[in-house]
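Data first, discussion second: the structure below is written as structure tokens.
The values are calculated or read from the model by the stated rules, or taken from the named source; none is laboratory data. Here the structure is a predicted model, which is why all the values come from computation and not from measurement. All Cβ positions, glycine included, derive from the backbone under ideal geometry; neighbour counts span all protein chains shown.
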Amino acid sequence: MFVNFLKTSNNTRQHMKKMEPKNGMALLLAALIWGIAFVAQSVGMDYMGPWTFNGIRFLMGAVVLIPFILFRDRKKNRKKQYKIHDTIIGGLLCGLALTAATTIQQYGIMYTTVGKAGFITALYIVIVPILGIFLNRKVPPLIWAGVFISVTGLYFLSVTENFSIGKGDILILICAFLFSIQILFIDKYAPKTNVIILSFIQFVTVGIICTSVCLIIEHPTLSGLKSGIWPLLYTGILSSGVAYTLQIVGQKGMDPTISSLILCLESVISVLSGWIILGQKLSTRELFGCLLVFIALSIVQIPQKKKNMKLKPEPKT
């Protein structure tokens, strides 16, 4: 029996080793999709307002999740039951936070480059553990080091030599805080809900709120929607649906730290895509700020031996 156990363990380890390259590629592709999504979000603003763009984008994302809701659990024959109340409440709270975060992000992208938007948005990875203090969660020294480095990087990235900070950078920083709040809601409700249904409800919430507001203050036109259909399809289907699925597949059996570091490349890809696709270049000072922020994001994801540090932020675009 002990021999069989050893054989099973060895087979499992060998299987995991075979899976890691495929998992890594799945996560890398997800980071690539999310990084380029900043370009799609920027281009979309040429044809419609932020509320219109987000409303349609997230309704598309909700539609993409429907097949997974209908077939994923049935295929795996899961018997675990979740409380409908927690799923609905959690989805609504996550949706409200996501509505505020993504709308402010869309406004911010109108006034800054997609590269800077990608790096500043990624600061939620640092902000989440800090906000955890209010939930009686201790913050390890490495997190504080990451905070100091990220703030320094943010200074070089956003503050000019005349000690002024752009409107777009301020809005993106606010959106990073809002994303952090959304992640705290996910951290609270995800363990006791079906995460795909939770995501579906939050997507529908964002879609309904943003679509309702856009009809009142933006008055979208059919011609504008047709002109911006490709950015909408990219962010709605690829960014919200495909990349979300790739993340689930990629993180299964992969070391969480390695997963997070791969997904961190989203911010780097946003800079490269903004430069290659939109011709948006960053100065040497801004690139140095990006480097510092990336170092900070990497530091805070080093495994911590703290029972109360359980938040694992996901990339946000």
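Please go through the range 45-58 and give me each residue that is within 18 Å of Val204 (Cβ to Cβ) and either over 17 Å from the mean Cα position of the chain (by Cα) or small (Gly, Ala, Ser) (or both), ordered by number.
Our first condition is that a residue be within 18 Å of Val204 (Cβ to Cβ); within the range 45-58, this holds for 51-58.
Correct list: Trp51, Thr52, Phe53, Gly55, Ile56.
Name every residue in the range 110-152 that is more than 18 Å from Phe38 (Cβ to Cβ), part of a helix (DSSP H, G or I) and not hydrophobic (A, V, I, L, M, F, W, C), in order of residue number. Steps first, please.
Here is the first cut: in the range 110-152, the residues more than 18 Å from Phe38 (Cβ to Cβ) are 126-152.
Add one more test, that the residue is part of a helix (DSSP H, G or I), and what stays is 126-135, 141-152.
Hits for the range 110-152 are Pro129, Gly132, Pro141, Gly146, Ser150, Thr152.
Only one residue in Ile56, Ile66 is at pLDDT 85 or above, surrounded by fewer than 15 Cβ atoms within 10 Å (Cβ to Cβ) and not in a loop (DSSP other than H, G, I, E, B), so which one is that?
Details: Ile56 fails: surrounded by fewer than 15 Cβ atoms within 10 Å (Cβ to Cβ).
Going through Ile56, Ile66 in turn, just one is at pLDDT 85 or above, surrounded by fewer than 15 Cβ atoms within 10 Å (Cβ to Cβ) and not in a loop (DSSP other than H, G, I, E, B): Ile66.
With over 26 Å from Gly250 (Cα atoms), at pLDDT 85 or above and crowded, with 19+ Cβ neighbours inside 10 Å as the only criterion, which of Gly90, Gly49 stands out?
Gly49
Would you check if Gly279 is surrounded by fewer than 22 Cβ atoms within 10 Å (Cβ to Cβ), within 30 Å of Pro67 (Cβ to Cβ) and more than 20 Å from the chain's Cα centre (by Cα)? Working first, answer last.
Values: surrounded by fewer than 22 Cβ atoms within 10 Å (Cβ to Cβ): yes; within 30 Å of Pro67 (Cβ to Cβ): no; more than 20 Å from the chain's Cα centre (by Cα): yes.
Here the answer is no, as Gly279 does not meet what is asked.
Pick out the one residue from Leu287, Leu311, Leu246, Leu261 that is out of contact with any Cys (no Cβ under 9 Å at 6 or more places or on another chain), modelled with pLDDT of 85 or more and among the aliphatic types (A, V, I, L, M). Before the answer, list the steps.
Numbers: Leu311 fails: modelled with pLDDT of 85 or more; Leu246 fails: modelled with pLDDT of 85 or more; Leu261 fails: modelled with pLDDT of 85 or more.
That would be Leu287, the only listed residue that is out of contact with any Cys (no Cβ under 9 Å at 6 or more places or on another chain), modelled with pLDDT of 85 or more and among the aliphatic types (A, V, I, L, M).
When residues of the range 29-49 are filtered for being farther than 16 Å from Gln280 by Cα, assigned to a helix (DSSP H, G or I) and not small (Gly, Ala, Ser), how many remain?
Matching residues across the range 29-49 total 4.
Are there any pairs with C-beta distances below 7 angstrom linking a residue in the range 239-256 that is at positive phi to a residue that is at pLDDT 75 or above, with the two at least 6 apart or on different chains, and if so which?
Note: pairs meeting the criteria are Gly253/Asn23.
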